[in-house]
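Here the structure comes first, spelled out in structure tokens, and everything after it is commentary.
Rule-based calculations on the coordinates, nothing more; no lab input. Predicted model only: the values in this text are computed from it and were never measured. Please note: Cβ atoms are built from the backbone with ideal geometry, for glycine as well, and neighbour counts cover all protein chains shown.
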Amino acid sequence: MELNLNHVDYLQVGVTSQKTMKLLPSVGRKATQKVAVADHDGVVTCFGMKKGEAVPVFKSLPGQKISRLELGGALGTPQEKIFVSSGSEVRGYTKKGKQFLTFEANLTESINAMHVSGADLFVCASYIYNHYCDCKDQDYYLSGDKINDVLCLPVETVGRIVPILACQDRVLRVLQGSDLQYDVEVPGPPTVLELLNRDGGKGGEEVLYGTADGKLGLVRITKSGPITSWELDNEKKKGGVLCIDSFDIAGDGVKDILVGRDDGTVEVYSLDGSNEPALRFENVLSESVTSIQGGCVGKEMYDEVLTTTYTGWVSGLTTEPQQMVAGPGDEIKMSRETQGKVSALRAELEQLQVKVLQGREKYQQSSQSSTAVSAVPVFSINDKFTLCQDDASYSLTLEVQTAIDNLLLQSDVPIDLLDVDKNSAVVSFSECDSESNGNFLLATYRCQANTTRLELKVRSIEGQYGTLQAYVTPRLQPKTCQVRQYQIKPLSLHQRTHSIDQERPANTLRLTGQFSFAEIHSWVVFCLPEVPEKTPAGDSITFYFQNTFLGTQLEATYCKGEANFKSDNISTISILKDVLSKEATKRKINLNISYEVNEDSVSHTLRMIHPKLEYQLILAKKVQLIDALKELQVHEGNADFLIPEYRSILDESAQLLEEYKKQPAHLERLYGMITDLFIDKFKFKGQNVKTKVSQLLAILNNYELDSLMDFFSEA
Amino acid sequence: MLVPIFTLKLNHKINPRMVAIGKYDGIHPCLTAATQAGKVFIHNPHTRGQRPAAHRLSQSTQDSDISLLNINQAVSCLTAGTLGPNTTGHTLLVGSQTNLLAYDVHDNTDVFYKEVTDGANAIVLGKLGDIQSTLAIIGGNCALQGFDYEGNDQFWTVTGDNVRSLVLCDFTADGKNELLVGSDDFDIRVFKEDELVSEIAENETVTSLCHMHGSRFGYALANGTVGVYDRTARYWRIKSKNHAMSIHAFDLNADGVVELITGWSNGKIDARSDRTGEVIFKDNFSSSVAGVVEGDYRMDGQIQLICTSVEGEVRGYLPASKDMKGNLMDASVEQDLIRELSQRKQNLMLELRNYEDNSKALPGVSEGEFKMGVIPANTQLQTALSVRRATEIQRAHIELNISTPNETIIRAVLIFAEGIFEGESHVVHPCAQNLSGCVRVPIIPPKDIPVDLHIKAFVGGKTSTQFHVFEITRQLPRFSMYDLSVDSSATEPTGKVTFNINDRPQRVVMWLNQNFLLPEGIDSPDITFTALREGGLLRINMQHSGEITLRTDDIDLAGDLVQSLASFLAIEDLQAEADFPVYFKELRTTLTEVDDFHSVHQKLTAAMADHSNYVRNMLVQAEDARLMGDWRNMKKRYIELYDLNRDLINEYKIRSNNHNALLARLKSVNQAIQRAGRLRVGKPKTQVITACRDAIKNNNINALFKIMRAGTTSS
């Protein structure tokens, strides 16, 4: 069955964080529910809809930015108390707006995740987890990587307290008291946790998670260990998941899964007979969806999916059928409610305009004075810079509260800027003066009106590292611009994994010297992405990485005074060696570097590249033929005379072209990496083979695995 | 929401901008488009399978509705319409780089087949000015040519560069059509028959033009701009990162005024209001749009808008019916209105907050304020333009100096300007060590055009992450790359143009001050410049009698100066005497080269014919040998045939090189005529062009130079 939902806007509040909107339970049957939403201005707004107009129940005073909003109450009673976390403080409000709790968690950092269950309160700062019962400290845990979300299995059904932390290093950590019970490995950095059906399913153990790279999964947290029910890949490359809810929007008696993503996608999945999720509905808003809830808000009897977006729009996707509305030119037909709304807004606007004019005048006057200063408050930017596994490129998304006027991108390393279909801004590349000012990329994006969100793609080259800077100028007076910096790390295409294949032939790099654990950790952070900035607890640590482009791997194990790196790709080792020795020299630390090169590893890497390269070459060849074959087909009237191979190219031409378009410059990148491999192999032998690169390229142009291997071993 | 009323998949690729609809039998409209392999297809769903295959026309075997027309040359433009006075059906006109074919599809005969040396990049059919018969006007390399139904050359003139687009439109509102020509040199020129009445400078190649209504017309540029002009006044324009493939005027919302329909390279179709450019409708194809036309394709008396994609998809849209009230889009108007108002409110609130927070900020800087980029309120940005001669390290340029009066620094400067940078913007981003309160931007305008520089400077402290954005607009005068200081060793220019004006010298001085970058201004019209681009001298001299002499070796510059001065002084007709010995000498060589290439061309054609005879003989002999079983001989013959084939290919290459060289020469001859014209204004200009053309036709080279010098036909 097709699900048909219509978009309705309700209200705009300030900028919102993830999971800051909840629906209060309804009073009586079939009545509309009230909405509680909190924003960065520190305001908690609770409102209900009456005749299409938002009627506030209460509004708290502004304060520090609110990071989470949860509902709670004594177990077994309606969960209608509102809890918000802001700074290091947790506040509680009744549904009438009376503040009944102020609790200072005494954390040095501000709270970024919170869960409430009866008298139990779970809060997390970046690395710290704290459990309070009746506001008394109970348990404490220090996580190895950043905590993105926290959840506790329902105590009523499970019978014990099982807190679960979603950590940036791709694991869910299941705790028992102050100790780690076990890790659950998930396919991406988890960003959000939610109980299935809001109660954890039959056993209360089923937990939904969403990841930063847009994957979705269901896992059962049993006493003995995790059982993965299903995982949903992100094939269409939608945005990362920010919020999940369970609600029966289809009205078939089974709860559906509602998902909100950071590219504005809202999805409804329903579970089929075998409990596998199937996409039922999709809608794209223009901004990232920070919270999602199912319920009944706008009109009795009509269920809806309620969302809040980054800029604070609370809007619904309702099952209520939309009447055809009149166009401009005869506004009489506009419903009376909307008319009232519009005129109220207009009046408000006029008042504001006057105030703004006064403000502007005052500001202008101050420019005459020689002592006054102009200080425009910092506007908030929601940004994300992540490595996409599929095409081994970085995606940068920027979101601002108001429309963006223009964006300047500057980089001090050579990177390629790729075109993104969703991005409608006009890009213009400026000439770079790389010698005098160290600019390798200067590009401006001039945005179309009403663009609050921009998505870009950047392709980096391993071994070349530096900073990418984005200057964002919104369309807001007085005009200001803010700069954001993103590190392009030396091994930028690597990604953390849970384990590696130990069978592969490996090259090793060993460092010894007078360095502390913190120092060597900071160097690793400098070289590799997805490593927590905080020095890990304990004496030594091991991280595993995978090259997203080639599939080669890296193991990093280090402690005070010693570090070991192991990789099947000799280029990876070479880059590490160069960067680490440079870093050590900078800090005047004496390093002993020793390395062991495994000759087999080179042919192993070449063999790993081979299928990719072959595939790309065949694809390129086929794509080249398409046009000529099509022409023959038109000329002869049909394609029957062609050999089957050519006919199949013609039949598949659409897919082939699509595939080819998806991976721009893939072949060039592979060639580049093979060339690096070649140079690095001989660099470790102390030979400079740069002169032979042209020969190598000649071999690559008539590629055959054996001849390439021979060339590598002969040269 | 407006949906297509029919969708067709034609299975033939469609070349962009080569789509037309013709009623070849006078009744049934047929979609006609150029496709691969030098073919034109005609889709005729109305008379199925009645058409015998003969002459050029053949039935497609894949689809019975489609007939293919063999042109055997790459098609470069096509159109259909009524050409002859006594024909019932439309005539199909197909242009290629060498020929123009007028074809009667119904009778399956050629109407005429003409060789056109300047090629046909664009074609338009209709009445022009006072010329009695309907003309097929083609635009090629710098030339415009009009043929009547008998193939007689009725109209000829030259234009500044290669023609890309043509349209007929009553520009002057005199009841007669003028010809609008868009060309590679970014200009839209308006011809009243062969007199150039108006010139509109754009900033990219003008790829499409379309007549809206009255004197209003739409245009599209190669950089993704589309817009609407009413005569020389631009109503609106928008720029997209995609390219506009085809534009068409059609009244889609049935309000009695046509909209501008644009088909984009990413497959988008949108309809924009002709007054504001506001989008009233959009739809998407899966591949790039090839052409947008209109016709009564269902034969029910209603005209549809018909859009085609390059992959052969065709969609037809009916104009909206009355009850849609012009609301063609999916979204509800009320929602949009409320959303827009709320957005405005939000923006005003934010601006107000900016002022409030600003007034709280007190002088006395703390750490946090550094980040905010606090600057003294009286900071004002100073800009200055000056001409800089070439030095050893830098080319000659115009220097834009931007500086702050106090200790604040300029983090980056963005300059948005049209037509002088590679993209639309230029960025200066000094590296962190070189930050200062002064930035020098070298600007080198490639052409003599007046440019508005929209400058955005990011001003703040050295460690700020947020900056104030100063926006300033400066105008660069038309002739800015000319320096007042004169090198005494520079050789005197030999070329000059002399003419008389009836104006005071003060007016000329005024013109000089406005159009040149003069630091102090001048008070005498006798002045000498150094041209920074080419390095020659430019001497301007005015006598009391009103005789002005411009001395320069650059005939283009002389032309630009004459045109600029004439429009400043509002001179309608201006006769001038000119002499450019260097340029004329070059032209003389070019003319002899044209003759040479012509004779080579003829020789090669003869050789080619010989070879084809050989091929025929050889093939017969080889096949004979095969039938006789004489393998040795057969092999020999085929080897010979192979060699011959290779020779033919080589010869073809020579021929094509020769042809390209010839085209280049012809283009420069056409340009020479245009340049000679540009030294005069109004009637004398038209006379010069016509006289030059006659001289070339009669191969009277001496007369040609005489005309160019004296500017009159009378010997």
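Counts of other chain beta carbons within 10 angstrom of each beta carbon in peptide A:351-362 average 4. Considering helices alone, the calculated mean residue ellipticity of the protein assembly as shown at 222 nm is -8000 deg cm²/dmol, with DSSP H runs of length four and up weighted by -39500 (n - 2.57) and normalised per residue. In chain B, Cα pairs under 8 Å separated by at least six residues give a relative contact order of 8 percent.
Projected over every direction and averaged, the convex hull enclosing the alpha-carbon atoms of chain A yields 40.4 nm². Between rounded, prolate and oblate, where does segment B:140-229 land on the alpha carbon gyration tensor, with a ≥ b ≥ c its root eigenvalues, rounded for a/c under 1.5, else prolate if a/b exceeds b/c? It is oblate, given that a/c is not under 1.5 and a/b is not larger than b/c. Taking other Cβ atoms within 10 Å as a rough exposure proxy, B:F499, A:F712 sort from fewest to most as A:F712, B:F499.
For the pairs B:K114/B:K683; A:K22/A:K255; A:K422/B:K268, note any where the Cα-Cα span goes beyond 19 Å.
Violating the 19 Å Cα-Cα cut-off are B:K114/B:K683.
Of the peptides A:405-416, A:224-235, the ranking by mean beta-carbon count within 10 Å, highest at the top, reads A:405-416, A:224-235. Cβ-Cβ distance of A:D600 and B:H601, R₀ of 51 Å, FRET efficiency by 1/(1 + (r/R0)^6): the value works out to about 0.20. Helix A:653-662 versus the longest principal axis of chain A: what is the Cα-based angle in degrees, 0 to 90, to the nearest 10? With both axes taken from Cα atoms, the answer is about 80 degrees. Packing, as the average of other Cβ atoms within 10 Å across residues, places the peptides B:464-477, B:661-674 in the order B:661-674, B:464-477, highest first. For A:A278 and B:N266, FRET efficiency with R0 = 30 Å and r from the beta-carbon atoms, rounded to 0.05? Approximately 0.50, to the nearest 0.05. Remark on segment A:63-168: Rg and Dmax equal 13.1, 40 Å (Cα only). Loop-located GluC sites (Glu not before Pro) across segment A:662-715 with a Cβ neighbour count of 15 or fewer within 10 Å are A:E704, with loop assigned by DSSP. Shielding of peptide A:449-456 by partners, expressed as the average count of other chain Cβ atoms within 10 Å per residue Cβ, is 1.
Over the C-alpha trace of segment A:506-588, radius of gyration and Dmax come out as 12.1, 35 angstrom. Ordering B:K9, A:K384 from the fewest to the most neighbouring beta carbons within 10 Å gives B:K9, A:K384.
For B:K603, the lysines whose Cα falls under 18 Å of its own Cα, not counting residues fewer than eight places away in the same chain, are B:K653. Look at where the Cα atoms of segment A:77-133 and of segment A:603-662 average out, and the two centres are 59 Å apart.
Could you please tell me the mean projected area of the C-alpha convex hull for the protein assembly as shown, averaged over all directions and given in square nanometres to one decimal?
Across all orientations, the protein assembly as shown yields a mean hull projection of 64.1 nm².
Between B:D110 and B:I654, residue separation times 0.36 nm minus the direct Cα-Cα distance comes to 192.8 nm. Taking chymotrypsin sites (Phe, Trp or Tyr not before Pro) across segment A:615-664, the ones in a DSSP loop with at most 15 further Cβ atoms lying within 10 angstrom of their Cβ are A:F641. Helix B:505-515 and the long axis of chain B differ in direction by around 80°, with both axes built from C-alpha atoms. Within 10 Å of the Cβ of each residue in A:481-491, the mean number of Cβ atoms contributed by other protein chains is 3.
If you take the square roots of the eigenvalues of the alpha-carbon gyration tensor of chain B and sort them as a ≥ b ≥ c, do you get rounded (a/c under 1.5), prolate (a/b over b/c) or oblate? It comes out oblate by the Cα gyration axes.
Taking the Cβ-Cβ separation of B:T498 and B:D153 as r and a Förster radius of 45 Å, what is the calculated FRET efficiency to the nearest 0.05?
The pair B:T498/B:D153 has a calculated efficiency of 0.85.
Taking the C-alpha atoms only, the angle from helix B:555-568 to the longest principal axis of chain B is near 60 degrees. Listed peptides A:557-568, B:522-533 appear in the order A:557-568, B:522-533 once ranked by packing, highest mean of other Cβ atoms within 10 Å at the front. Once you divide the Cα radius of gyration of segment B:581-715 by 2.2 N^0.38 Å, the number left is 1.71. Taking the centroid of alpha carbons for each part, segment B:236-267 and segment A:13-45 are 43 Å apart.
Specify the inter-centroid distance of segment B:630-668 and segment B:521-595, based on alpha-carbon positions, in whole Å. Segment B:630-668 and segment B:521-595 have Cα centres separated by 47 Å.
Quick one: grab the alpha carbon gyration tensor of segment B:140-183, order the square roots of its eigenvalues as a ≥ b ≥ c, and give me rounded if a/c is under 1.5, else prolate or oblate depending on whether a/b is larger than b/c. Oblate is the answer for segment B:140-183, as a/c is 1.5 or above yet b/c matches or exceeds a/b.
Sorting A:L23, A:L554 by the number of Cβ atoms found within 10 Å of their own Cβ, with the fewest placed first, yields A:L23, A:L554. Residue separation of A:D9 and A:K612 scaled by 0.36 nm, minus their Cα-Cα distance, works out to 212.3 nm of gained length.
Sparsely packed loop sites in segment A:421-521 (the trypsin sites (Lys or Arg not before Pro) outside DSSP H, G, I, E and B with at most 14 other Cβ atoms within 10 Å) comprise A:K422.
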